[in-house]
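Laboratory data are not the source of any read-out in this text; all were calculated from the coordinates shown. Keep in mind the model is a prediction, meaning the values are calculated, not measured. Note: ideal-geometry Cβ built from the backbone for every residue, glycine included; neighbour counts use all protein chains shown.
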Amino acid sequence: MIRVLLVDDQAMIRTGFAAILSTADLDGEAIEVVGEAADGAQAVTMVQELLPDVVLMDVQMPVMDGIEATRRITAEDGAPAVLVLTTFDRDDYLFSTLDAGASGFLLKTAEAETLINAVRVLARGDALLAPEVTRRVIARNTGGSADGSGAESPSAPTRSADAAEPAQAQHPSAASPDAAAALDRAPTPEAQRALNLLTARERDVFDLVVQGLSNRQIAERLFLGDATVKTHLSNALMKLQIRDRIRAVIWAYENHVVG
């Protein structure tokens with residue numbers, strides 16, 4: 001049984017989500033709504049009292065908004081996963097909630113089965129983004145551009161420009177365009193040192209996660225059990241000091257681990 005806390009300032013929306021989640025036991029693990037909060041401050045208190053597995057969090061609310069509530073909830077040890085549900089497809093909401101520690105982001109227009117699946121995904125310790133926002137997350141963290149529906153996203157972090165060149169080596173861009181491209185695709189030295197800590201199987205699993213495969217798809221690809229995949233992924237994330245799948249993808253693109 002997955003324990004869920006609903007957080008939204010509109011009672012009708014909370015009732016609707018509760019009704020959707022109550023049907024989850026028809027096709028899989030049951031979901032129980034253990035409480036409802038009308039603002040972020042109530043949510044922070046109720047998380048401590050009710051110990052939910054997943055919190056469904058609105059963004060715009062009185063007293064305390066969903067961004068600050070998410071930050072406070074996820075800062076605690078043993079915190080539940082936070083799935084942000086919002087009406088507004090805005091980049092500032094998306095990036096602010098992810099930076100605050102949310103593990104998932106969906107629009108309230110999502111289908112019922114999508115919502116149920118998202119709750120189950122987060123309860124397993126995975127992360128999930130609405131398909132329409134995934135490309136914007138990657139673009140924001142690689143300095144690229146993507147068509148977004150909302151406010152302009154914050155500037156992407158830039159790589160350090162003062163890394164030392166190899167001794168006596170000609171800069172690749174002066175040698176050939178292909179060599180320069182190869183350098184751009186190579187992992188940063190810091191990332192490579194971190195990746196060297198992984199076992200071969202942990203690296204296999206990590207690479208497939210970055211490509212967007214689920215644990216079950218990875219298990220089928222590598223002929224492993226689901227539990228084994230989860231163990232390898234947990235070990236890899238711990239060694240790389242990355243919290244979840246979303247941040248694994250961001251880290252991989254920031255550090256040129258993927259092309």
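Which of the chymotrypsin sites (Phe, Trp or Tyr not before Pro) found in region 216-259 are in a DSSP loop and have at most 14 neighbouring Cβ atoms, other than their own, within 10 Å?
Of the chymotrypsin sites (Phe, Trp or Tyr not before Pro), the ones in loops of region 216-259 whose Cβ has at most 14 other Cβ atoms within 10 Å are Phe223.
Taking loop as defined by DSSP and a crowding limit of 16 other beta carbons within 10 Å, which GluC sites (Glu not before Pro) in region 1-43 fit?
Here the sparse-neighbourhood loop sites are Glu29.
Taking region 45-120, which GluC sites (Glu not before Pro) meet the DSSP loop condition and have no more than 14 other C-beta atoms within 10 Å?
For GluC sites (Glu not before Pro) across region 45-120 that sit outside H, G, I, E and B with at most 14 neighbouring Cβ atoms in 10 Å, the list reads Glu76, Glu111.
Rounded if a/c is under 1.5, else prolate if a/b beats b/c, else oblate: with a ≥ b ≥ c from the C-alpha gyration tensor eigenvalues square-rooted, which is region 2-138?
Rounded shape, in that the Cα axes give a/c under 1.5.
Pop out the ³J(HN,Hα) list for region 77-82 in order, Karplus 6.51 cos²θ - 1.76 cosθ + 1.60 with θ = phi - 60°, rounded to Hz; leave Gly and Pro as x.
5, x, 5, x, 6, 10
When the dipole is taken about the Cα centre of region 2-138, and only Lys, Arg (+1) and Asp, Glu (-1) are charged at their Cβ, what size is it in debye, to the nearest 20?
200 debye
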